[in-house]
Amino acid sequence: MNNDLAGQRVLVTGGSGFVGRTVVAEFRRHGAEVVVVDRQPFPGDDVPVILGDLTDPAVRYRAVTPDLTGIVHLAAITSVLRSAEAPQETFDTNVAVTQGLLELARQREVGQFVLASTNAVVGNVGTSTITEDSPPRPLTPYGATKAACEMLLSGYAGAYGLATCALRFTNIYGPGMAAKDSFVPRLMRAALAGGGVQVYGDGKQARDLVHVSDVAAGVLAAWRRRYTGTAIIGAGRSVTVLDLIDAARAATGAPLPVEHVPAKTGEMPAVIVDIARANAELDYQPRVGLTEGLRTVWEDFRSSVDDVRTVTLKMS
C-alpha cells in the first residue's frame, strides 16, 4: 500500500457504480479517505456513503464539505439512447448537477475537481484520429451535456483558480460490468450460455477499449498532478469488433459464433484516439492488454454464476 495520498479526503460521486468502485479502491490503496455519494449502497461497509440523488440540492450540500481535498465526479446519465429519450433529465443530471457541485466547491474552498467526460463530445469524425484539440460537434444530448460540463470546468478554473480536469474516457470494460448491456458483457453472457452474438454490418467498426483499472490509474494520475485541462484516457489502440470477438474467444475458450445483421443507421465507423497528451502530462500508460483484460471480465462473470449456484443449492 502506497500512502502518498494520506490525509486527503476525496468525494467520489457515483462511487458505487462499475467505474466508481475501482476508482474508490485505487484512491484508498494510496491512503486517501474516500466518501461516496450515490443512489446505491457501496458494497461492503467500510466506505462512508451518502445515499441520495445529486439532482437534490440537499444531497449535494451534505456531500460537498469544507474538509474535502477535492471531488471526482463520475455520476451521470451515460446512455446515449436514454439521453435522446429524456434530454431534459439528461441536462438536469449531467449539466445542472456538475454546475451545482462546482459552485459548492467554490463556496467551500474545495480546490480540485475531476470530471468523467467522453469522446462523444467530438461526434463522428469518420476514421480520423481524435485528440483533445478536435472541435466539439456532439451528435447526442449525452455528448452535448458533457461538452457543456467541460466548458463549466474551464470557466471555474479561469475565474476561481480551481484545478479542474475533464478526462475523456473511451469504451471502458472490466470486472463488475455484469449488469451492463454493452458488447463485452454480451460476449461474456454468450460464452457462459454456449451461444453466439450478432454483429452489425461487417464487424470492421473500430473501437478503443480501455480496462477499468487503467481508467482508475488515469484518474489518480490527474489527481496527483492537480492537472487542469482535458486529457483522453483510453488504450490508445483501436480494434475492430471482429478482433474483439477473437480476443473474447481466446479469453473464454468459447467458440462464440457470429451472425451478421444489417448495420445500424448512423453508427460511427471508428473511434480512434491519441493518448499522447495523457502520456506526456500525466505519465499515463495503459497496462492491460485486451485479451488479458477480457480474462478478468470472464472470471468475474464465472464467479458471479458460481455464487448464484451456491445460493440456489443452499436454498434448495
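Read-outs: derived from the displayed coordinates by stated rules, not from any lab. In this text the structure is predicted, and so the values were computed from the model without any measurement. Using ideal geometry, Cβ is built from the backbone for each residue, glycine included, and neighbour counts are taken over all protein chains shown.
Ranked by how many other Cβ atoms sit within 10 Å of their own Cβ, fewest first, the residues 177, 188 fall in the order 177, 188. For the range 100-190, divide the Cα radius of gyration by the Kirkwood radius and give the resulting Rg/Rh value with two decimals. Here the Rg-to-Rh quotient is 1.07. Taking 20 Å as the straight-line reach from the Cα of residue 146, the aspartates and glutamates in range (excluding those fewer than 8 positions away in the same chain) are 38, 53, 56, 85, 89, 92, 103, 132, 133, 208, 267, 274. Full extension of the segment from residue 56 to residue 268, taken as 0.36 nm per residue of separation minus the current Cα-Cα distance, would add 72.8 nm.
Sparsely packed loop sites in the range 75-179 (the GluC sites (Glu not before Pro) outside DSSP H, G, I, E and B with at most 15 other Cβ atoms within 10 Å) comprise 109.
Residue order for 272, 50, fewest other beta carbons within 10 angstrom first, comes to 50, 272. Among 182, 219, 238, whose Cα sits farthest toward the positive end of the charge dipole of the range 178-239 (+1 at Cβ of Lys/Arg, -1 at Cβ of Asp/Glu, about the Cα centre)? Farthest along the dipole direction, towards plus: 219. Averaging 1/r over each pair of different alpha-carbon atoms in the chain and inverting the result gives 20.4 Å, the Kirkwood hydrodynamic radius. Relative to the longest principal Cα axis of the chain, at what angle does helix 97-107 sit, 0 to 90 degrees, rounded to 10? Long axis of 97-107 versus the principal axis of the chain: about 30 degrees. Of all DSSP-defined beta bridges confined to the chain, some 10% are antiparallel rather than parallel.
Length, then width, then depth: along the principal axes, the Cα atoms of the range 133-289 run 55, 32, 27 Å. Taking amide H as placed 1.01 Å from N in the peptide plane, residue 37 has its amide H under 5 Å from the amide H of 12, 13, 14, 15, 50, each at least 5 places away in sequence or on another chain.
To the nearest ten degrees, helix 183-193 and the longest principal axis of the Cα atoms of the chain are 40 degrees apart. Note down the net charge around residue 15, summing +1 for each Lys or Arg and -1 for each Asp or Glu among other residues with Cβ under 12 Å from its Cβ. Value of the local net charge: +1. Under the combined filter of DSSP loop state and at most 16 neighbouring Cβ atoms within 10 Å, the range 233-285 retains these trypsin sites (Lys or Arg not before Pro): 237, 264.
Counted by neighbouring Cβ atoms within 10 Å, the residues 211, 73 run from fewest to most as 211, 73. For residue 180, a cut-off of 17 angstrom between C-alpha atoms picks up these aspartates and glutamates, skipping any fewer than 8 places away in its own chain: 299, 300. How much net charge surrounds residue 242 when only the other residues with a Cβ under 14 Å from the Cβ of residue 242 are counted, with Lys and Arg +1 and Asp and Glu -1? Result for the neighbourhood of residue 242: -1. The alpha-carbon positions of the range 1-145 define a convex hull whose volume is 134 Å³ per residue. Above 14 Å, the calculated P(r) of the range 212-251 contains 61 percent of its Cα-Cα pairs.
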